[in-house]
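Take a look at the structure below.
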Amino acid sequence: MTTRTTPATPRVLISGGGIAGNAVALQLLRAGIRPTVIERAAGPRPGGQAVDLRGPSRIVAERMGLMPGIRRYQLDERGMVYVDSTGREAARMPAELFEGKGAVAEIEITRGDLNQVLLDALAEEAARPGAPGVDYRYGERIHALREHAHGVSVEFASGATEEFDVLVGADGLHSTTRRLAFGPEEQFSTYLGGYTSYFTMPTPAEVRPHWMTVQLLPGGAFLAFRPDADPATTKAMISVRRPADPALRRDTAAQKRLLREGLAVGGWLVPEVDAAMDRAEDFYFDELARITMPRWTTERIALVGDAGYCGSPLSGQGTAMALVGAYVLVGEIVRTPDRPAAALARYGEILRPFVESAQQLPPGGVKAMTPRTRAGIRASLALVRLTTSTIMRPLMTRMLSGTDDYTLPDYSTDLPTAEQGTLPR
Ligand SMILES: Cc1cc2nc3c(=O)[nH]c(=O)nc-3n(C[C@H](O)[C@H](O)[C@H](O)COP(=O)(O)OP(=O)(O)OC[C@H]3O[C@@H](n4cnc5c(N)ncnc54)[C@H](O)[C@@H]3O)c2cc1C
């Protein structure tokens, strides 16, 4: 294949307007490249609870100039408390215990707010005099694609066909781009044994402000409450251990039935959560699954974020991987904009060590998170207390160091910061 016809400002299509897609779009725009973004939903998707920024992802957020926006929405979350079925405290894990490397990091922001920070930065960047702007299309998705020597022909669901030099698949765990360019989802996805759901609810008076509060329910369910930027609301999370059931994919009523089965045993604030589920406007449900692929790129197509390397919420690193992946991908595209195949290959090589480390799951996975019996719950809580003991803390902190050793490439000569503004091309 030749890449000689690629212009110095390639036409880039991004499929998916989540954290990964919007981070790619922002970086391209800053580099003077006009991105086209298509998002299947009719508008920005709200929802999701706190996501962490630490280590390399925090550095990327700083380099992308996102920190002022993040500070506006940053949550004051101080750690994790386990309660029993009456709401009485059973174990406590303050955020500073493992130097901020535990379940709650120094910087926590809800997924929806972080997406809004990215969209605000995109709008601001697009409005700068001389900026190439962004072509953002909601309610659109790819119907078919054909990769050829000079780029990718994309047929949209709306009927139009357009040519692009590079296609970025940032369309999440069930990526259409991955299916069309690399093969069926089953080839790359490993089901991890459960489902998870997030939604916003009015803050119950009994919930501890500023703490993630967790209750383990007999039968294999995990119920948690996490702070929201607005103290009047709380993010509820329910995870249940169940065999895979593909029929759940697009059936919201069946998804809620499954969650209610998990809650049926009752417990602290369970009736309030049950009632809030139907009123929530941002109900989100998906399987816990991991995507592993031998390569995330072809000559003209790159996958970024959950589409290429979903670690599942169990890894706690989905957003970190999306931000770091977007940063490396655009950094490499901008280094050789007229040779996208070389840029995409370098992206894969450079990012691989970070992803391999970030995709690690906590020991025991879903089973450890959702013990089925009362004895299993007691054992889990005893283990939490043990890990927070003075003797175990240094060992735990070392085990949680995860992606700290990754050396993030520095693209400062090719990728302008927010202060430098858009590069002329
Ligand atoms: C509503 C929501 C809430 C979430 N909440 C949490 C949470 O609380 N905790 C957590 O750890 N993770 C959560 N996640 C997952 C988390 O956002 C990702 O793991 C991480 O941020 C990586 O993001 P991503 O952009 O790769 O994928 P995603 O965040 O899944 O974004 C993918 C985007 O692509 C869009 N899309 C999907 N298919 C198509 C298509 N065919 N064409 C065009 N667009 C398409 C989706 O609508 C979505 O906006 C949530 C995801 C969503 C969508």
Exercise for the section: Starting from the amide H of His143, placed 1.01 Å from N in the peptide plane, find each other amide H under 5 Å away whose residue is 5 or more places distant or on another chain. Expected result: Glu155, Phe156, Ala157
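Using Cα-Cα distances under 8 Å and only pairs 6 or more residues apart, what relative contact order does the chain have, in percent?
Numbers: 892 pairs, mean separation 103.1, N = 425.
Relative CO of the chain lands at 24 percent.
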Handout entry: Using distinct alpha-carbon pairs, which all enter the 1/r mean, Kirkwood radius of the range 322-396 in Å
Key = 15.9 Å
Completion exercise
the range 243-393, convex hull of Cα, quarter of hull surface, nm² -> 12.9 nm²
Fill in the blank from the handout: Ordering 142-155, 191-204 by per-residue average of other C-beta atoms within 10 angstrom, highest first, gives 191-204, 142-155
Completion exercise
If one builds a Gaussian network model of the chain from Cα atoms under 10 Å apart, the most fluctuating residue listed among Pro132, Pro409, Pro340 is Pro409
Exercise for the section: Mind jotting down the three principal axis lengths of the range 1-89 based on Cα atoms? Whole angstrom, largest first. Expected result: 66, 29, 28
Practice task
Give the carbon-plus-sulfur fraction of the accessible surface of the range 320-383 in %, rounded to a whole number; probe 1.4 Å, heavy atoms of protein chains only.
Solution key: 58 percent
Handout entry: Charge tally in the Cβ shell below 13 Å around Gly47, where Lys, Arg are +1 and Asp, Glu are -1, Gly47 excluded
Key = -1
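Leaving ligands, DNA and RNA out of it, rank Phe182, Phe156 by accessible area with a 1.4 Å probe, largest first. Could the numbers behind the result be given before it?
On the way: Phe182 35, Phe156 5 Å².
The residues order as Phe182, Phe156, largest area first.
Throw me the Rg/Rh for the range 11-143, computed over C-alpha atoms with Kirkwood Rh, two decimals. Intermediate values should be presented prior to the final figure.
On the way: Rg = 17.9 Å, Rh = 16.5 Å.
We get a ratio of 1.08 for the range 11-143.
Taking all protein chains in place and a 1.4 Å probe, what share, in percent, of the accessible surface of the range 136-232 do carbon and sulfur account for? Write out the running numbers ahead of the final one.
Numbers: 2010 of 3760 Å².
Within the range 136-232, the accessible surface is 53 percent carbon and sulfur.
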Fill in the blank from the handout: Heavy-atom accessible area per residue of the chain, all protein chains kept, 1.4 Å probe, expressed in Å², is 42 Å²
Exercise for the section: Can you tell me the order of 328-338, 237-247 when each peptide is scored by its average per-residue count of other Cβ atoms within 10 angstrom, highest first? Expected result: 328-338, 237-247
Handout entry: Radius of gyration, Dmax [the range 97-199; alpha carbons; angstrom]
Key = 18.6, 54
Handout entry: Dimensions (Å) - the chain, Cα atoms, principal axes, largest first
Key = 66, 43, 38
Handout entry: Ordering of 257-265, 281-289 by burial proxy (mean other Cβ atoms within 10 Å per residue, highest first)
Key = 281-289, 257-265
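Given R₀ = 22 Å, FRET efficiency for Arg249-Arg137 by Cβ-Cβ distance, to 0.05? Display every interim value, and only then the final one.
Details: r = 24 Å, r/R0 = 1.10.
Plugging the Cβ-Cβ distance into 1/(1 + (r/R0)^6) gives 0.35.
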Exercise for the section: May I ask for the Kirkwood hydrodynamic radius of the range 171-258, worked out over all distinct Cα pairs and given in angstroms to one decimal? Expected result: 15.4 Å
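The values are calculated or read from the model by the stated rules, or taken from the named source; none is laboratory data. Since we're looking at a predicted model, the values are computed, not measured. Reconstructed Cβ throughout: ideal geometry from the backbone, glycine too, with neighbour counts over all protein chains shown. For the accessible areas, the whole protein counts, side chains as well, though only heavy atoms, and no ligand, DNA or RNA atoms are used. Shrake-Rupley method; radii C 1.70, N 1.55, O 1.52, S 1.80 Å.
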